[in-house]
Amino acid sequence: MAFDSSLEMTSNGIAKIVLSGELDAAAAPRFKETVERAAEQHAKRLVLRMEGLEFMASAGLRVLIFAKQKMGRDVDVYVVGAREPIVDTIRMTGFHHSVVLVDEQNADTVDTL
Amino acid sequence: MQRIDVHPTHIYEGFKIRPGRPFPFGAHLVPGGINFSIFSRHANYCSLVLFEKGARQPFVEIPFRGAFQRVDNGEPAWGEFRIGNVFTMTVFGLDHENLEYGYRMDGPGQGAQHGRPAIHRFDRTKVVLDPYARAISGRDLWGQPPDWTEPFQHRGRIVHDDFDWEGDRPLEIPLEDLVIYEMHVRGFTRHPSSDSKHPGTFAAIRAKIPYLKELGINCVELMPIFEFDEFENSRQNCETGEMLLNYWGYSSVGFFAPKAGYASTGRLHDATMVADELKTTVRELHRNGIEVMLDVVFNHTAEGNEHGPCISYKGTDNATYYMLTPEGFYLNFSGTGNTLNCNNPIVRDLVLNSLRYWASEYHIDGFRFDLAAILGRDASGYPLANPPLLETLAYDPILGKCKLIAEAWDAGGLYQVGSFPAYGRWAEWNGRYRDTMRRFLKGDHEVTGAVASSVLASPDLYSSRGPTASINFITCHDGFTLADLVSYDWKHNEANGEHNNDGANDNNSWNCGVEGHSDDPAVNVLRRQQIKNAIAMLLVSQGVPMILMGDEIGRTQGGNNNTYCHDNELNWLDWNLLESNADLFRFTKNCIRFRHRHSVLRGREHLRGRDYIGSGYPDISWHGVWAWRADWSGNVLAFLLCDQQSPAGSTRDDFVYVAMNMHWESLPFELPGLPEGKHWHLFVNTSVPPPGDICEPGQEALLEGQRTFLVGGRSVAIIVGR
């Protein structure tokens, strides 16, 4: 499935990016652009909804780090609802240190600051 | 600012290319494309062969010289994409995630004929691996049988080399403070008892960091992690039907790629994830105060001799990479078929670039060089007095703070323990320490002189280099485990399928009365004691101690002293032993803590046996059952350490007295007198069952009798004076 990322700013200043499809090296720049738009909005928190993400390669993992670096030290990056194989990959490659992993059940907790 | 030299200049079969940049060698991502660069002194034809991941046939082969089309006006143009002996081009528009690459080369000579000697082994019909490939596919999943009909098995892949180290740097722990743990990556967590989510991988090591911290080691030495072929020489054991593999990995396919089969992410066929996984493990170990050293194999490659496979070096520049006879047979100082021509300037650069790559990109703290005597031989195999490679490594700026450790011998008879060209930097695996302490442990007479030298970290060998030149060990992957050293007189390697002909015969082991497993409690108590004796003596010796993975919990290989081919329980660390041998773990852990606590054990200068600060005591003195009088003919020895190296004004370390009674009967040892106000406190007494065998350092109990101490037969006592 083709990759898509959509940005939504909530009223309390949270930037929510919904990802879907396959995040390979060709698609990673679009994800990066979306993150940059969120940063321009001076979001207080970045929430990445990954329920619809089928696949993530190493280029996509790097955008997670880029997101943390771009949003700033005081802004947390949440990865919500990622499928088990993707969560596993994030942990095995060690990229989970830069983000907060939240499973689907607790998705609501990240919507309020 | 946009560079003016990153646009395509030529087209070939629809692929846009331009002349590449020769440095660095290998394949690197550049704006818009991938830069490929490969050296060959003798090739007269070279083409870049590109595949989709896993595809049988390439999707394009681009020659480095030939007819192309110009990008700007479409006119035909002759292209020569080469500088000197380096073929280099940048190719645009490639999907690097989905790419595998190799080269096709041709050159002088009759062409490679399998089984026949030749100086050049160019073969136009074969695709070969880039010697500088930073990721290699083909064995992505450990133990998965390859497709043997595929002619191009080991293929280069492209890696993102960026990584967020989060401020990590090599730890630069002083060599004298290291306690090294020799670990096999797969063996460490593969056993089911390890309870690892991804057993046998780089990632799985992280979950065991608390264990390593508790044990107290501060350096892991990883057995070979360069990409190797576990199916090399694979065969079935005709008796058991079991598949024997190249498990240890002393056979490099590539010098720049971590073994994909050791990564939990290997199965995703994403080369960058393998690199990320290993880097994360290094970062986590560093965060917990543990250095990472690599056991590196530059003495030979996985290509064997004229009967072996052509993977990379044979097909790109055989005459440069290998030591050959004038007829083109392979010199074999490694015992494996070929020998890397290490002092050839090109190969020197290969070795140097590889080490620099690991040190800078993976933050590796040090390297142990397998069969390092080969690194000092010239192209014909003659030992060099001043080997350029070893000198280069010792002086290299990037490697400037790395530990450099040599296994200072090879399989060609060149034994250089004590004479390895050191340039003031290199340390050595002290094989003499190993042999001496094993003989002492089993009760040999007339060894005490050599034992004294070993305890001192062999000043007879290393006087100009100091004790840190001596890496002390009693066991390592070669040979018995410590538990087997005290349970077997003879090797039992039948499971290797070589009729027990392989493996060392000079083990200097003693089975404590029964060969192998025993139900006799007296035998088992003695074996336990002997293990503790070995550990205690190793950890109070001057020099740098190295412990074999699992010795701290009594790992056994059933008497097999050469388990190189076993991917099974023989090699996998059984974590259940942590419970059944908890006393051994506790003993080892406390000995390590003791070492960390007492700087007098970790001197940077050799002890001289003299009092040079006017303390009234020499820095080290030798004793026997009588204080101040050692008997150099027996099998009993004691020594007293008086700290003289702590700078004036700082607190001096305690007096440490070690009594080693390798005689079978208990003997009373007269304790040396201490200065006024100081008294003897007992730390270790291996003849007493746990918990009395050792205490926590700092909790040593005051000895009731301050004049003599009864040391049990075949036991070690460590007594602290404060």
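The values are calculated or read from the model by the stated rules, or taken from the named source; none is laboratory data. Computed from a predicted structure; not experimentally measured. Don't worry about glycine lacking a Cβ; one is built from the backbone with ideal geometry, like all the others, and counts go over all protein chains shown.
A compact table of results
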{"quantity": "Selected residue (criterion: surrounded by the fewest Cβ atoms within 10 Å (Cβ to Cβ)) from residues of segment A:1-15 that are in contact (Cβ under 8 Å) with a residue 60 or more places away in the chain and not aliphatic (A, V, I, L, M)", "calculated": "A:ASN12"}
{"quantity": "B:ASP161 among the charged types (D, E, K, R) and modelled with pLDDT under 95", "calculated": "yes"}
{"quantity": "Filtered residue count, segment B:129-155, keeping only those that are under 15 Å from B:GLY54 (Cα atoms), surrounded by 16 or more Cβ atoms within 10 Å (Cβ to Cβ) and of a type in the set (A, V, I, L, M)", "calculated": "3"}
{"quantity": "Residue in segment B:694-706 that is surrounded by 22 or more Cβ atoms within 10 Å (Cβ to Cβ) and under 21 Å from B:ARG595 (Cα atoms) present", "calculated": "yes"}
{"quantity": "Sole exception among (1) free of Cβ contacts under 8 Å to residues at least 12 places away in the same chain; (2) within 14 Å of another protein chain (Cβ to nearest Cβ) for B:SER264, by number", "calculated": "(1)"}
{"quantity": "Filter result for A:VAL87 (assigned to a strand (DSSP E or B), touching a Leu at 6+ places or on another chain (Cβ under 9 Å) and under 27 Å from B:ILE205 (Cβ atoms))", "calculated": "no"}
{"quantity": "Positions within segment A:26-81 being among the hydroxyl-bearing types (Ser, Thr, Tyr) and assigned to a helix (DSSP H, G or I), in sequence order", "calculated": "A:THR34, A:SER58"}
{"quantity": "Residue that is within 14 Å of chain A (Cβ to nearest Cβ), buried (at least 17 other Cβ atoms within 10 Å of the Cβ) and not in a loop (DSSP other than H, G, I, E, B), where the choices are B:ILE205, B:ILE158", "calculated": "B:ILE205"}
{"quantity": "Selected residue (criterion: surrounded by the most Cβ atoms within 10 Å (Cβ to Cβ)) from residues of segment B:25-67 that are of a type in the set (A, V, I, L, M) and over 16 Å from B:VAL128 (Cα atoms)", "calculated": "B:ILE34"}
{"quantity": "Exclusive hit being outside the structural domain of B:ASN560 (by TED's automatic domain parsing) and in contact (Cβ under 8 Å) with a residue 40 or more places away in the chain, set B:LEU538, B:LEU482", "calculated": "B:LEU538"}
{"quantity": "B:ILE62 closer than 30 Å to B:LEU268 by Cα and at pLDDT 95 or above", "calculated": "yes"}
{"quantity": "Single condition B:ALA112 does not satisfy, out of (1) modelled with pLDDT of 95 or more; (2) buried (at least 19 other Cβ atoms within 10 Å of the Cβ); (3) assigned to a loop (DSSP other than H, G, I, E, B)", "calculated": "(1)"}
{"quantity": "Unmet criterion (only one of (1) at the interface with another protein chain (Cβ under 10 Å from one of its Cβ atoms); (2) crowded, with 24+ Cβ neighbours inside 10 Å; (3) over 19 Å from the mean Cα position of the chain (by Cα)) for B:GLU303", "calculated": "(1)"}
{"quantity": "Selection within segment B:267-280 - outside any helix (DSSP H, G or I) and within 9 Å of chain A (Cβ to nearest Cβ)", "calculated": "B:ASP270"}
{"quantity": "Unique residue being over 39 Å from the mean Cα position of the chain (by Cα) and either under 26 Å from B:HIS154 (Cα atoms) or surrounded by 15 or more Cβ atoms within 10 Å (Cβ to Cβ) (or both) when the list is B:ARG18, B:ARG70", "calculated": "B:ARG18"}
{"quantity": "Checking B:TRP148 against (1) part of a loop (DSSP other than H, G, I, E, B); (2) touching a helix residue (DSSP H, G or I) at 6+ places or on another chain (Cβ under 9 Å); (3) among the hydrophobic types (A, V, I, L, M, F, W, C); (4) closer than 30 Å to B:HIS96 by Cβ, the condition it does not meet", "calculated": "(2)"}
{"quantity": "Residue satisfying all of: in segment A:10-25; among the hydrophobic types (A, V, I, L, M, F, W, C) and under 14 Å from the mean Cα position of the chain (by Cα); nearest to B:ILE34 (Cα to Cα) among these", "calculated": "A:LEU23"}
{"quantity": "Residue match in segment B:122-138 (condition: out of contact with any Gly (no Cβ under 9 Å at 6 or more places or on another chain), within 23 Å of B:ASN318 (Cβ to Cβ) and part of a loop (DSSP other than H, G, I, E, B))", "calculated": "yes"}
{"quantity": "Members of segment B:463-482 that are of a type in the set (Phe, Trp, Tyr) and farther than 12 Å from B:THR556 by Cα", "calculated": "B:PHE473"}
{"quantity": "Lone unmet requirement of (1) within 14 Å of another protein chain (Cβ to nearest Cβ); (2) surrounded by 15 or more Cβ atoms within 10 Å (Cβ to Cβ); (3) of a type in the set (A, V, I, L, M, F, W, C) for A:ALA38", "calculated": "(1)"}
{"quantity": "Which numbered condition A:THR109 fails, given (1) free of Cβ contacts under 8 Å to residues at least 12 places away in the same chain; (2) within 14 Å of chain B (Cβ to nearest Cβ)", "calculated": "(2)"}
{"quantity": "Any chance B:GLU552 is buried (at least 22 other Cβ atoms within 10 Å of the Cβ), of a type in the set (Asp, Glu) and either modelled with pLDDT under 95 or in the same structural domain as B:SER193 (by TED's automatic domain parsing) (or both)", "calculated": "yes"}
{"quantity": "Checking B:GLU239 against (1) over 22 Å from the mean Cα position of the chain (by Cα); (2) within 14 Å of chain A (Cβ to nearest Cβ), the condition it does not meet", "calculated": "(2)"}
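For (1) assigned to a strand (DSSP E or B); (2) polar (S, T, N, Q); (3) out of contact with any helix residue (DSSP H, G or I) (no Cβ under 6 Å at 6 or more places or on another chain), each residue gets a yes or a no:
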position: B:SER633; (1), (2), (3): no, yes, yes
position: B:ALA638; (1), (2), (3): yes, no, yes
position: B:GLN644; (1), (2), (3): no, yes, yes
position: B:GLY649; (1), (2), (3): no, no, yes
position: B:ARG652; (1), (2), (3): no, no, yes
position: B:TYR657; (1), (2), (3): yes, no, yes
position: B:GLU665; (1), (2), (3): no, no, yes
position: B:PRO668; (1), (2), (3): yes, no, yes
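Rundown of residues vs (1) surrounded by fewer than 19 Cβ atoms within 10 Å (Cβ to Cβ); (2) within 14 Å of chain B (Cβ to nearest Cβ); (3) not aliphatic (A, V, I, L, M), yes/no style:
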position: A:ILE17; (1), (2), (3): no, no, no
position: A:GLY52; (1), (2), (3): yes, no, yes
position: A:SER58; (1), (2), (3): no, yes, yes
position: A:ARG73; (1), (2), (3): yes, yes, yes
position: A:THR93; (1), (2), (3): no, yes, yes
